[in-house]
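The values are calculated or read from the model by the stated rules, or taken from the named source; none is laboratory data. All of these numbers come straight from a predicted model, not from anything done at the bench. No Cβ is skipped: glycine too gets one built from the backbone with ideal geometry, and neighbour counts run over all protein chains shown. The accessibility values were calculated without ligands, DNA or RNA, using every heavy atom of the protein model including side chains. Shrake-Rupley method; radii C 1.70, N 1.55, O 1.52, S 1.80 Å.
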Amino acid sequence: MKQDMTIGKEWKHILLFTLPIILGNFLQQLYNIIDGIIVGNFVGERAFAGVTTSGPLVLLYLALAIGMSVGVSTTVSQYFGAGKQKELPIAIDTALLLLGGCGLLFTILGVALSPVLLEHLLSVPEDILPYAVAYMRIYSAGLFFQFIYNSIAAILRGFGDSKAILYFLLVTTVLSAALTFLFVLVIRWGVAGAAFSTVLAQGVCAVISYIYLRKRYPYEKDGKHWDGKLAITMTKLGIPIALQMSLISVGNGAMHRLVNSFGLTSPDVVPAYGAAIRLDSLVFVPMSGFQAGLASFTGQNLGAGKLDRVHRGLRYATLMSVLCTVFISLTYFIFAEQIVALFGLSEGALVIGAEIVRYFALVFWLLCINMMFSGVLQGAGDTFIISMASLTSLSVRVATGYLTAHFGILGYEAAWLPVPLGWVFWAIIIYTRFFSGKWLSKAVAGKYAEGT
């Protein structure tokens, strides 16, 4: 069902639109945690370390899929807000063809290059490298489905239809969990079973979401199905976000490499870091959900020329997101040891993992506020500045981490202690851009679009 967010109470629109996204993302992250718990307890700590150390590559492919889909959702939401109904079917087909082609490309590259990337880029230790390679090669085989699903989800978000996305993710999560139990606990396929269950579930999700999309927004047999200019517009809007998220993934990879470098002297740190990162992914759920909701809200209201609603929407989204983030962070801080212990880690890894979880619980509020301002800029189409902010944040984080480790100022803690410093630089860039008002000129449709 389409949701017109240009009229009515701003907070209500954002909350109703965002809740399904949050629930869907929560289900996804909950599955990742359950997957890790199963692997850690029934395959072994080394296998768990192998799967988690391949995480930067998983996030890289996901970043490319989500980043490219941002161009789709921004275009669709602004077209919808501006009332350009005739252009929407063309935009849908163009988006599917564009991201489907990208998915095929990365499927081929992922299967072929996973061993090289894991061994030479991430410097995965030899004792866990076979687990990482087995997982990543199978996971990469499903990248086509991942790109197709994200293009469909972006189209539905542009229309304000976030409930359908929740239902798709619910089916995927339940199916993934069931298949993981089957392949890992019953058939005993180890990490390969965990990866295979993910691929099968993604394929089912892509098929179901495509059928739904075509029933809601039918395929026009005699219509135009590819618009080169529109594809370029989507790509221009999506590439900066894809670059931003990819750089974050690369940064995570750099920090994983730093953690792996301590693997010989402090072997507990690799599984501990992996467990903490999986747990911290739950904290991202509300802030990323509200960012996506605010981006769609901003796109529709800018298309309709209602800037005052955008500003009020930012205030409401920030308040709601911060409250959710603080609640989860407080829970993590109090029960850190008990939560990390679920992964079946050794005592040394448990202590380090709890230390990381507690540290991030104290600083996540800053990232939360940054993401809300980024959501407004994203909805307006001002994606380049978001990428620049993320690149700066990443550079500060990685440089500080490696330098403090190299000169002996910090030990393995250098992989996470500098992170908030990078967020401060991100905040300076994003806030400066927002209060300058220059982001308004980046709209692609409606009153604030150039040439209208």
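List pairs: first residue in region 28-39 and touching a residue at least 60 places away in the same chain (Cβ under 8 Å) and in a helix (DSSP H, G or I), second residue open to solvent by 60 Å² or more (accessible area, probe 1.4 Å) and aromatic (Phe, Trp, Tyr) anywhere in the structure, Cβ distance under 8 angstrom, at least six positions apart or on different chains.
That search, which allows pairs on different chains as well, returns GLN29/PHE284; ILE38/PHE181.
crowded, with 18+ Cβ neighbours inside 10 Å, touching a residue at least 40 places away in the same chain (Cβ under 8 Å) and out of contact with any strand residue (DSSP E or B) (no Cβ under 6 Å at 6 or more places or on another chain): does that describe TYR139? Spell out how you get there, then give the answer.
On the way: crowded, with 18+ Cβ neighbours inside 10 Å: yes; touching a residue at least 40 places away in the same chain (Cβ under 8 Å): yes; out of contact with any strand residue (DSSP E or B) (no Cβ under 6 Å at 6 or more places or on another chain): yes.
Here the answer is yes, as TYR139 does meet what is asked.
For residues that are of a type in the set (A, V, I, L, M) and open to solvent by less than 20 Å² (accessible area, probe 1.4 Å), scanning just region 56-67, find the one that is farthest from ALA141 (Cα to Cα).
Initially, region 56-67 is screened for residues of a type in the set (A, V, I, L, M), giving 57-60, 62-66.
Now narrow it down to the ones that are open to solvent by less than 20 Å² (accessible area, probe 1.4 Å): 57, 63, 65.
Values: LEU57: 13, ALA63: 16, ALA65: 14 Å.
Among those that are of a type in the set (A, V, I, L, M) and open to solvent by less than 20 Å² (accessible area, probe 1.4 Å), it is ALA63.
Only one of (1) under 18 Å from the mean Cα position of the chain (by Cα); (2) without any contact (Cβ under 8 Å) to a residue 40 or more places away in the chain is not met by VAL250, so which one is it?
With (1) under 18 Å from the mean Cα position of the chain (by Cα); (2) without any contact (Cβ under 8 Å) to a residue 40 or more places away in the chain applied to VAL250, the lone miss is (2).
For region 347-392, name all the residues that are buried (at least 24 other Cβ atoms within 10 Å of the Cβ), of a type in the set (Ser, Thr, Tyr) and modelled with pLDDT of 90 or more.
Selection gives SER374 alone.
For PHE145, work out the one condition from (1) open to solvent by less than 20 Å² (accessible area, probe 1.4 Å); (2) touching a Gly at 6+ places or on another chain (Cβ under 6 Å) it doesn't fulfil.
Unmet for PHE145, out of (1) open to solvent by less than 20 Å² (accessible area, probe 1.4 Å); (2) touching a Gly at 6+ places or on another chain (Cβ under 6 Å): (1).
If the requirement is being open to solvent by 40 Å² or more (accessible area, probe 1.4 Å), in contact with a helix residue (DSSP H, G or I) (Cβ under 6 Å, 6 or more places away or on another chain) and either among the aliphatic types (A, V, I, L, M) or not in a helix (DSSP H, G or I) (or both), which of these qualifies: LEU323, LEU330, LEU342, LEU294? Full working, then the answer.
Numbers: LEU323 fails: in contact with a helix residue (DSSP H, G or I) (Cβ under 6 Å, 6 or more places away or on another chain); LEU330 fails: in contact with a helix residue (DSSP H, G or I) (Cβ under 6 Å, 6 or more places away or on another chain); LEU294 fails: open to solvent by 40 Å² or more (accessible area, probe 1.4 Å).
Going through LEU323, LEU330, LEU342, LEU294 in turn, just one is open to solvent by 40 Å² or more (accessible area, probe 1.4 Å), in contact with a helix residue (DSSP H, G or I) (Cβ under 6 Å, 6 or more places away or on another chain) and either among the aliphatic types (A, V, I, L, M) or not in a helix (DSSP H, G or I) (or both): LEU342.
Scan region 39-55 and tell me whether some residue there is over 20 Å from PHE181 (Cβ atoms), open to solvent by less than 20 Å² (accessible area, probe 1.4 Å) and not small (Gly, Ala, Ser).
Yes, because at least one residue in region 39-55 is over 20 Å from PHE181 (Cβ atoms), open to solvent by less than 20 Å² (accessible area, probe 1.4 Å) and not small (Gly, Ala, Ser).
Restricting the search to region 345-361, which residues are touching a helix residue (DSSP H, G or I) at 6+ places or on another chain (Cβ under 7 Å) and either within 20 Å of GLY422 (Cβ to Cβ) or not in a helix (DSSP H, G or I) (or both)?
Taking region 345-361 and keeping what is touching a helix residue (DSSP H, G or I) at 6+ places or on another chain (Cβ under 7 Å), we get 345-346, 349-350, 352-354, 356-358, 360-361.
Listed by number, the residues that qualify are LEU345, SER346, ILE356, VAL357, ARG358, PHE360, ALA361.
Do you know which of the residues in region 394-418 that are part of a helix (DSSP H, G or I) and open to solvent by less than 10 Å² (accessible area, probe 1.4 Å) is farthest from VAL76 (Cα to Cα)?
First pass over region 394-418, keeping only residues part of a helix (DSSP H, G or I): 394-406, 412-415.
Restricting the remaining residues to those that are open to solvent by less than 10 Å² (accessible area, probe 1.4 Å) gives 401, 414-415.
On the way: GLY401: 40, ALA414: 42, ALA415: 39 Å.
Once the filter is applied, the top-ranked residue is ALA414.
Within region 419-436, how many residues are open to solvent by less than 30 Å² (accessible area, probe 1.4 Å) and either among the basic types (Lys, Arg) or without any contact (Cβ under 8 Å) to a residue 40 or more places away in the chain (or both)?
Let us first name the residues in region 419-436 that are open to solvent by less than 30 Å² (accessible area, probe 1.4 Å), namely 419-420, 422-423, 426-427, 430, 434.
Those still in the list that are either among the basic types (Lys, Arg) or without any contact (Cβ under 8 Å) to a residue 40 or more places away in the chain (or both) too: 422.
The number of residues fulfilling the criteria is 1.
Take the residues in region 153-196 that are touching an Asp or Glu at 6+ places or on another chain (Cβ under 9 Å) and under 12 Å from GLN28 (Cα atoms), then tell me which one is least open to solvent (accessible area, probe 1.4 Å).
Kept after step one, since they are touching an Asp or Glu at 6+ places or on another chain (Cβ under 9 Å), are these residues of region 153-196: 155, 160, 176-177, 180, 184, 194.
From what's left, under 12 Å from GLN28 (Cα atoms): 176-177.
Details: SER176: 6, ALA177: 23 Å².
Looking at the filtered set, the residue picked out is SER176.
Which condition from (1) under 22 Å from LEU97 (Cα atoms); (2) in contact with a Cys (Cβ under 8 Å, 6 or more places away or on another chain) is the one that MET287 breaks?
(1)
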